[in-house]
Amino acid sequence: MKVLIIDDDAELQRTLANYLHSKGFVLNQATTITKGASLASINNYDAIILDINLPDGNGLDLCNYFRQKNILTPILFLSAKANVIDRIKGLNIGADDYLVKPFDLDELAARLHSLIRRYKISEPAHFTIGKLIFDPHNHQVLLNNQSVIITKMESKILSLLFRSIGAPISRQDILEKIYGDEYPITNTIDVIIYKLRKKLDVGTKSYIESVRAVGYKLVDPNKAE
C-alpha cells in the first residue's frame, strides 16, 4: 500500500516513516503544499496523510484542491486542532478521517487500513462498455483484448466519462473537475480528447461520441442505436 505523507514536522515524519515502513507501507513524503500537490498529481496513492498547518498554506485548501482535481484518494487529516468545528470543516471539504495529535501509531495504521479497504470496496476495480475495459486505479485500458496505452490525463477524462455513462458531460465540466475553478483557457482538453478518441476507434466509430452543443459521452460503437 502506497501512502503520501504531507507534514512539515521532521520528527513526526521520521516516526511515521519508521513505523509505517515496518507495517509494509510504501511512503512518499512532502513538507509543503506545493510538493504534496505535485506528488499527488503524478503518482497513485492508496491514502494521503495530511497536516492542516503547512509552511506555504492550509491543508484544508489542499484537500479541497485534490477533490476539485478529481483526486479521490482517501485523505486522513492529522492536526493539533481538537475542536469539533475544525474536524467538521475538514470532513465537509472532502477528507475521509481526522486524527488529533498526539495519537497512537497503531490507531493510525488501523484507520489507514480501514480507509483503504472502504475506498477499494466503493470504487469498481474496472469499468466496462462493449469490448472496452478500463482500470482507473492503474490507468490501464483493454480494447478488443488488446492493451491501449493512455496518459494519466487521458485516464482522468475516461474516468469522468465512465462515471457519467449514459449522459453527456460538457467540456466545461471536464475542465472544472480536472483543473478546478481556475482552468486554462486553451484547447488542451479538446486535443487530449481527440487523441483519446483515436485510440478508442473501432473502424470508423469511436467509444467517445461528440454531442453537438453539449459535450462528450461514452457509447458502445458496436451496439445498434
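Since every read-out is calculated from the coordinates, none of them should be taken as a lab result. Since the structure is predicted, the reported quantities are computational estimates derived from the model, not experimental observations. Here the Cβ positions follow ideal geometry from the backbone for every residue, glycine too, while neighbour counts run over all protein chains shown.
Descriptive notes on the structure:
- Based on C-alpha pairs under 8 angstrom that are at least 6 apart in sequence, the stretch 1-147 has a relative contact order of 18 percent.
- Residue-by-residue Karplus 3J(HN,Hα) for the stretch 38-51, coefficients 6.51, -1.76, 1.60, Hz, glycine and proline x: 5, 5, 5, 7, 10, 10, 9, 10, 7, 7, 10, 9, 10, 7
- Counting only residues at least eight positions apart within a chain, or on another chain, the aspartates and glutamates with an alpha carbon under 18 Å from that of Lys156 are Asp46, Glu123, Asp135, Asp173, Glu176, Asp181, Glu182, Asp190, Glu209.
- C-alpha center-to-center spacing [the stretch 56-70, the stretch 90-146] in angstrom: 18
- Sorted largest first, extent of the stretch 1-63 alpha carbons per principal axis (Å): 31, 25, 14
- Of all lysines in the structure, those lying under 16 Å Cα to Cα from Lys223, and not within fewer than 8 positions of it along the same chain, are Lys131, Lys205.
- As a calculated quantity, the FRET efficiency between His21 and Ile165 at R0 = 41 Å, using C-beta atoms, amounts to about 0.55.
- With the convex hull drawn over the C-alpha atoms of the chain, the volume per residue is 135 Å³.
- Charge context of Asn222, other residues only, Cβ under 9 angstrom, K/R +1, D/E -1: +2
- Where only DSSP H runs of four or more residues are counted, the chain gives -12500 deg cm²/dmol as its mean residue ellipticity at 222 nm, each run worth -39500 (n - 2.57).
- Dipole magnitude of the chain, debye to nearest 20 (Cβ charges: Lys/Arg +1, Asp/Glu -1, about Cα centre): 840
- Between Ala110 and Tyr194, the modelled labels are 5.5 nm apart [label points 7 Å from Cα along Cα→Cβ].
- Estimated Rh, the stretch 2-122: Kirkwood, alpha-carbon pairs, angstrom: 14.2
- Translational diffusion of the stretch 127-218, µm² s⁻¹ [Kirkwood Rh, Cα pairs; Stokes-Einstein; 20 °C; 1.002 mPa s]: 159
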